[in-house]
1. Provide the per-residue ³J(HN,Hα) series for the stretch 43-59, in order, calculated from phi with Karplus coefficients 6.51, -1.76, 1.60 and θ = phi - 60°, each as a whole number of Hz, with x at glycine and proline positions.
2. Pulled fully out, how much extra length does the chain show between Ser236 and Leu336, if you take 0.36 nm times their separation in residues and subtract their Cα-Cα distance?
3. Kindly report, to the nearest 10 Å², the accessible surface of Arg229 as traced by a 1.4 Å probe over protein heavy atoms only.
4. To the nearest 0.05, what FRET efficiency results for Glu97 and Thr224 with a Förster distance of 22 Å applied to their C-beta separation?
5. Report the chymotrypsin sites (Phe, Trp or Tyr not before Pro) located in the stretch 235-316 that are in a DSSP loop and have at most 16 other Cβ atoms inside 10 Å of their Cβ, or state none.
6. Can you tell me the mean projection area, over all orientations, of the convex hull of the stretch 189-344's alpha carbons? Units nm², please.
7. In the structure shown, do any of Lys70/Lys101; Lys70/Lys292; Lys70/Lys286; Lys101/Lys218; Lys218/Lys249 have a Cα-Cα gap over 22 Å, and if so which?
8. Can you list residues whose amide H is under 5 Å from Ile216's amide H, if they're 5+ apart or on another chain and H is modeled 1.01 Å from N?
Amino acid sequence: MPGAEGKEDTQIRGSIKKKNLPDAETFSQGILSGDIVLLSRAITLVESTLPSHQELAEAILEKCLPHTGKSIRVGITGIPGVGKSTFIESFGNHLIEQGRKIAVLAVDPTSQLSKGSILGDKTRMETLSRKKEAFIRPSPSGDSLGGVARKTRETIFLCEAAGFDTILVETVGVGQSETAVNSMVDLFLLLLIAGAGDELQGIKRGIMEMADLIAITKADGDNTARANRAKAETISAVHFLPAHESGIKTEVRTCSAVTGEGIGEIWTEILNFIEAIQKNGYLDIKRKDQAKHWLYESVQSMLLDDFYSKLGTNIQKAEELVTKGLAGSYQTARRLVKSYKNEE
């Protein structure tokens, strides 16, 4: 069951290391039938850097792709301390009560020392992780920009093929990953907290413009009045932001993950937004633009990987030249590119 996925992780990775792998057809059929173990193993293949694993993952994705695209994809971000995991647990439980099946792709910051995941979202979402209608996949962010896992988009497709109709992608909330997540979701939800002060929430200025929905969290107890004031201030601020390409006004709501107050209203706002962009055609346009964006991102990634793998020694020599001031960076880069082209 999905809630037990974390306990199976060691066995899953062990079987992959032993090359005890089904073929792409077996994988895809298992995923389409809702086999969570095979789904988890397929995601591990997607995240792997081994060429044989990447080849198998691509074959699995190709077979699953016709069965994707039917979910609601929601990106969720907010500053540290806003309570993203607590919100997602309360929100996810509400969605399950509404008959939804949810996949939570929680992208964790990565330790620069151990390269392992620092945060444990499955531990923090203890109640949700035990639900059979929920699948939680924490992933170390690695070296990708802003802490967004490089293969999150492919993971979304696999989860959709497995029957999850609502995909929640949690960002690290450091101000850079939001753009990448926004390029793979239908709606971007920004969580803010009352009373944190502008010096702490300076990050919000850059991402408020891309937010489709804003929620002020922790609106309970003594903090309720502050949350309502923050809501009024945020609504005022939204008026000065450029209009969304979607043509839909950004709504602002308050909520409490502890009491559940406002959680249902946020889901209603999401459904209203999705219905509106389906009617005006923006959802179709956005998903097509996202597909093109990730096409070119993939091309750039593959070219860079190939470039560095072929010119490893030359790049080291080039670094020495530019750091010692013996050559200009731009001119040296041109020579490296010429060298790379000659090797093709």
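1. 5, 4, 5, 4, 7, 6, 9, 6, x, 5, 5, 4, 5, 5, 4, 5, 5
2. Details: separation 100, 0.36 × 100 = 36.00 nm, distance 5.13 nm.
Taking Ser236 through Leu336 to full extension adds about 30.9 nm, to one decimal.
3. 140
4. On the way: r = 24 Å, r/R0 = 1.08.
Step by step, r from the Cβ atoms, then E = 0.40.
5. Phe240
6. Details: hull surface 58.1 nm².
With every direction weighted equally, the projected area is 14.5 nm².
7. Working: Lys70/Lys101 12 Å; Lys70/Lys292 19 Å; Lys70/Lys286 14 Å; Lys101/Lys218 25 Å; Lys218/Lys249 24 Å.
Where the Cα-Cα span goes over 22 Å, the pairs concerned are Lys101/Lys218; Lys218/Lys249.
8. Amide H to amide H, under 5 Å and 5 or more residues apart or across chains, Ile216 pairs with Leu192, Arg253, Thr254, Cys255.
The values are calculated or read from the model by the stated rules, or taken from the named source; none is laboratory data. A quick note: this is a predicted structure, and the numbers were derived from the prediction, not measured. Here Cβ is always computed from backbone atoms with ideal geometry, including for glycine, and neighbour counts include all displayed protein chains. Surface areas here come from the heavy atoms of the whole protein model, side chains and all, with no ligands, DNA or RNA. Shrake-Rupley method; radii C 1.70, N 1.55, O 1.52, S 1.80 Å.
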